[in-house]
Amino acid sequence: MKRNWRNLTAAVLSVVLGCVLFYFGTDGFRAFTAESARTYKLLQNQPEFPNVTLEDSKGRVYPFSDFEGKYVMLTFIYTACSDICPKIETNLAEVYKQIPSKYLDKDIVFLSISFDPDRDDPATLEKYRSYFGSDGDTWRMARITKEEELNGLLNEFGVTVIPDGEGGFTHNAAFYLVGKDGSLKEVMDFTKISEAASSVTALLENEAEVVLK
Amino acid sequence: MKQPGFGVIILGLLILPPIKDYLESYMLLHMLVQLPLLILSGWLIGKITEHKSINFLGIWNTNGVPGIILFVFITMYWMLPRALDEAVTISYIEIFKFVSLPLAGFFLRDSWEKIQALGRGFIFLNYLSMFGLMAWLYIDSPIQICNNYLETQQKALGWGFLIITIGMVLYILQAVFTDHAEEAEA
């Protein structure tokens, strides 16, 4: 009898330990892939967007802090990418079209950041921009020329970039929304266009109401 | 004491940085070579529990159920795509991998003979269906599930799982259709 008691305790303990392992291993059963864990952690921490120096398709050079007081809807891309980036940018173009134009520039700026500064010079970005209907002002495309700034940003946001051995990169993709205070507010699924557009519009409308009051 | 010695040697080799890095650079090798070898090393070391002097598991794991539960939980955890990713990027998860999987093998050895035939059948079929599911997930997934491994690697792993699943099905078939009368008598 004494033996069975120990065995039963051990069995119960094993189940508890197993559940604890899964609970902590998946952030409370929320994140089963590293990507969902990354998004969850970003939303919890709302990290400050590092003040990187951008060089856009028009050749203008300015710090990210120039966007202070505006929302920034951004994606990470590189122009030589043949599969996922055009998809991200096509979808971003859809979102861009669905945002009421009165908010553009004044309250929100769209930004596509290239993580391949060697190839994506202003001229390349300028050409790439035209494919997606970006005007270069309310939707800008830019590169980060300083390597340590770029790496710091990719690291902070958990954007994993792996060279695929054929001159390209693969990376985890999403829409990111940076708030007026410069901290990350939202990470959105880039395949859910109308969802992203409506949540951004709702945010902008809410804020407009607050200002009116 | 031959087997425990082999177990320690295998574990030591797997920890060696060049071998570790090589196995982890391919998703297929990581999941279907490194992880099973870690379990094997623990299983070999588990031979020491057969010595009467080590009575601990005999008392706490009398019917083998606690040990097999731990084994199932640990191996299921390592089937999460996230665990595989984090083992490459976060060092304490990597350490946990090298501790938990040999332990799982250790428990398996002590528990497998103790649990009833029905329990063994249940565990075997559980893994069969799980491997089948993993095969389907990795082959069919249109997106990259792990951040550190490319989609082509993911597909290769899926086919690896499929081969294992087929192997397990064939094993069951031969077990069903061969004559076990002699074994039963003995």
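The values are calculated or read from the model by the stated rules, or taken from the named source; none is laboratory data. None of the values given here were measured: they were computed from a predicted structure. With ideal geometry, Cβ positions are generated from the backbone for all residues, glycine too; neighbour counts draw on all protein chains shown.
Regarding A:GLU209, is this residue free of Cβ contacts under 8 Å to residues at least 40 places away in the same chain, more than 29 Å from A:PRO100 (Cα to Cα) and surrounded by fewer than 18 Cβ atoms within 10 Å (Cβ to Cβ)?
Answer is no for this residue.
Scanning for something aromatic (Phe, Trp, Tyr) and over 15 Å from the mean Cα position of the chain (by Cα), does the stretch A:141-164 turn up at least one residue?
No: the stretch A:141-164 contains no residue that is aromatic (Phe, Trp, Tyr) and over 15 Å from the mean Cα position of the chain (by Cα).
If I filter the stretch B:147-157 for residues that are within 14 Å of chain A (Cβ to nearest Cβ), more than 30 Å from B:PRO17 (Cβ to Cβ) and either at pLDDT below 90 or part of a loop (DSSP other than H, G, I, E, B) (or both), do I get at least one hit?
Looking for residues that are within 14 Å of chain A (Cβ to nearest Cβ), more than 30 Å from B:PRO17 (Cβ to Cβ) and either at pLDDT below 90 or part of a loop (DSSP other than H, G, I, E, B) (or both), one finds none in the stretch B:147-157, hence no.
What number of residues within the stretch A:20-38 satisfy the criterion of being more than 8 Å from chain B (Cβ to nearest Cβ) and assigned to a helix (DSSP H, G or I)? Please lay out each step first, then the result.
Keep residues of the stretch A:20-38 that are more than 8 Å from chain B (Cβ to nearest Cβ), which gives A:20, A:23-24, A:27-30.
Going one step further and asking which of them are assigned to a helix (DSSP H, G or I), we end up with A:20, A:23-24.
Of the residues in the stretch A:20-38, 3 are more than 8 Å from chain B (Cβ to nearest Cβ) and assigned to a helix (DSSP H, G or I).
Anything in the stretch B:123-156 that is touching a residue at least 40 places away in the same chain (Cβ under 8 Å), aliphatic (A, V, I, L, M) and under 28 Å from B:SER111 (Cβ atoms)? List them, or say none.
The answer is B:ILE123, B:LEU128, B:MET130, B:MET134.
Taking the stated definitions as given, is A:LEU42 within 14 Å of chain B (Cβ to nearest Cβ), touching a strand residue (DSSP E or B) at 6+ places or on another chain (Cβ under 7 Å) and assigned to a helix (DSSP H, G or I)?
It is true that A:LEU42 is within 14 Å of chain B (Cβ to nearest Cβ), touching a strand residue (DSSP E or B) at 6+ places or on another chain (Cβ under 7 Å) and assigned to a helix (DSSP H, G or I).
Filter the stretch B:157-177 down to the residues that are within 15 Å of B:LEU29 (Cβ to Cβ), crowded, with 16+ Cβ neighbours inside 10 Å and either free of Cβ contacts under 8 Å to residues at least 60 places away in the same chain or among the charged types (D, E, K, R) (or both) and list them by number.
Selection gives B:GLY158 alone.
What tally of residues in the stretch B:46-85 results from selecting those that are charged (D, E, K, R), within 7 Å of another protein chain (Cβ to nearest Cβ) and surrounded by fewer than 22 Cβ atoms within 10 Å (Cβ to Cβ)?
0
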